[in-house]
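The values are calculated or read from the model by the stated rules, or taken from the named source; none is laboratory data. Keep in mind that this is a model prediction, so the values were computed, not measured. Counting neighbours? That spans all protein chains shown, and the Cβs are built from the backbone with ideal geometry, glycine included. Just the protein is used for accessible areas: all its heavy atoms, side chains included, with ligands, DNA and RNA removed. Shrake-Rupley method; radii C 1.70, N 1.55, O 1.52, S 1.80 Å.
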Amino acid sequence: MTLRNTTEFFAPVSGFDLPRFAGIPTFMRLPHVPFDHARFAEVEIGLIGAPWDGGTTNRPGPRHGPRQLRDLSTMIRAMNGTTWVAPFELANCADLGDVAPNPADLMDSLARMEAFYDRVVAAGVLPLTGGGDHLCSLPILRAVAKQRPVGMIQFDSHTDLNDIYFGTSKYNHGTPFRRAVEEGLIDPKRYCLIGIRGTAYGREDWDFAAANGIRIIPIAEFHARGPEDVMAEAREIVGQGDTYITYDIDFVDPTFAPGTGTPEVGGPNSWQALQVARLLKGVNIVGADLVEVSPPFDASGGTAWLGISIMFEMLCVMAERVAALRG
């Protein structure tokens, strides 16, 4: 792998140089590099905020997630203390800023997000997004999978494979991946959902998954088999093809992540939440997101701290892949 010098422009600000409570908070204290920045062409992994929850059907708040994630991310240091991966030495990482949604128009927001990510993908930048509700993943997939369908690993307590809410709503945080499969963005044979649990409206989403070859690993199976075995299967399902990762914070038990709109009990603990992200190593990740952090339900920031820690684990895996491809 080709290492980079951490004194370069893309190195994050160290807590030894500027106290963590000082300065303007960017994702992981990285430089802010918008599209018109002179160094944008050098970015390899772009951290992006998607402050929008227009797809929420019950408890709103994830629109405030990216800001809280950025604030808590000042606690992230330069090296992973478990894997010893130093992602900022392996890849040029930067905070690309926020997508600017239209909070009064759902369809316009979807179009704005897709256009934003079209520019990111066209520049060869791998997007790592902090949401936002789970509908945010659909316009990202429309950009990332524009040329071919991708595989996907989804960490979640809900399938988000429903069809219609309230008789007319086809676009909300319970339907994005039904739409993505219908639009040919996801290869359903290379699609694995992990952690599904809770009460249900019915079996429509599970029936859709079965009819299309989508693999669902419910939480009881996850706990019975353990993270290593489950993630080995997930990696086998997606193979070496281009793969998107989507991580809903409600995958984690609400004891550890209460700040989310639709919590479900019986989930993984915080250690397992990090472990499954680390076990993405070897997957050809072309983009990833962490969604549904809702600060109004956890003003203390504990959920956001777990969320940004998960994003850091995914960043480590993505940076290793970037460095390996660079040679």
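Some observations on this one:
- Charge dipole (segment 1-93, unit charges on Cβ, about Cα centre) - positive-most of ALA86, ASN58, GLN68: ASN58
- Taking every DSSP beta bridge that has both ends in the chain, the antiparallel portion is near 5%.
- Dipole in debye (nearest 20) - the chain, about Cα centre, beta carbon charges: Lys, Arg +1; Asp, Glu -1: 480
- Top of ASN92, ASN269, ASN162 by mean-square fluctuation, Gaussian network on the chain, Cα under 10 Å: ASN269
- Rg/Rh for segment 45-195, where both radii come from Cα atoms and Rh is the Kirkwood radius: 0.97
- Here the chain has an Rg and Dmax of 18.2, 55 Å, counting Cα atoms alone.
- Projecting the Cα atoms of ALA11, HIS158, PHE177 onto the charge dipole of the chain (Cβ charges, centred on the Cα centre) puts ALA11 farthest toward the positive pole.
- If only the Cβ of Lys and Arg carry +1 and only the Cβ of Asp and Glu carry -1, the dipole of segment 1-77 around its Cα centre is close to 300 debye.
- Each Lys and Arg contributes +1 and each Asp and Glu -1, all at the Cβ; summed about the Cα centre of segment 97-138, the dipole is approximately 140 debye.
- Nearby lysines by direct alpha-carbon distance to LYS281 (threshold 25 angstrom, same-chain neighbours under 8 apart not counted): LYS146, LYS189
- Rh by Kirkwood over Cα pairs, then Stokes-Einstein D for segment 179-239 at 0.692 mPa s and 37 °C, µm²/s: 264
- Entry note, segment 107-246: relative contact order of 27 percent, from Cα contacts under 8 Å with a spacing of 6+ residues.
- Kyte-Doolittle mean at least 1.0, axial Cα span of 30 Å or more - DSSP H helices of the chain: 302-326
- Averaged over its residues, segment 64-148 has an accessible area of 38 Å² per residue, based on protein heavy atoms and a 1.4 Å probe.
- When the trypsin sites (Lys or Arg not before Pro) in segment 182-248 are filtered for DSSP coil states and for at most 15 other beta-carbon atoms within 10 Å of their beta-carbon, the remaining sites are ARG203.
- Convex hull volume of segment 140-270 per residue (C-alpha atoms, cubic angstrom): 110
- Entry note, the chain: relative contact order of 22 percent, from Cα contacts under 8 Å with a spacing of 6+ residues.
- Charge sum, other residues only, whose C-beta stays under 14 Å from GLY241's C-beta, Lys/Arg counted +1 and Asp/Glu -1: +2
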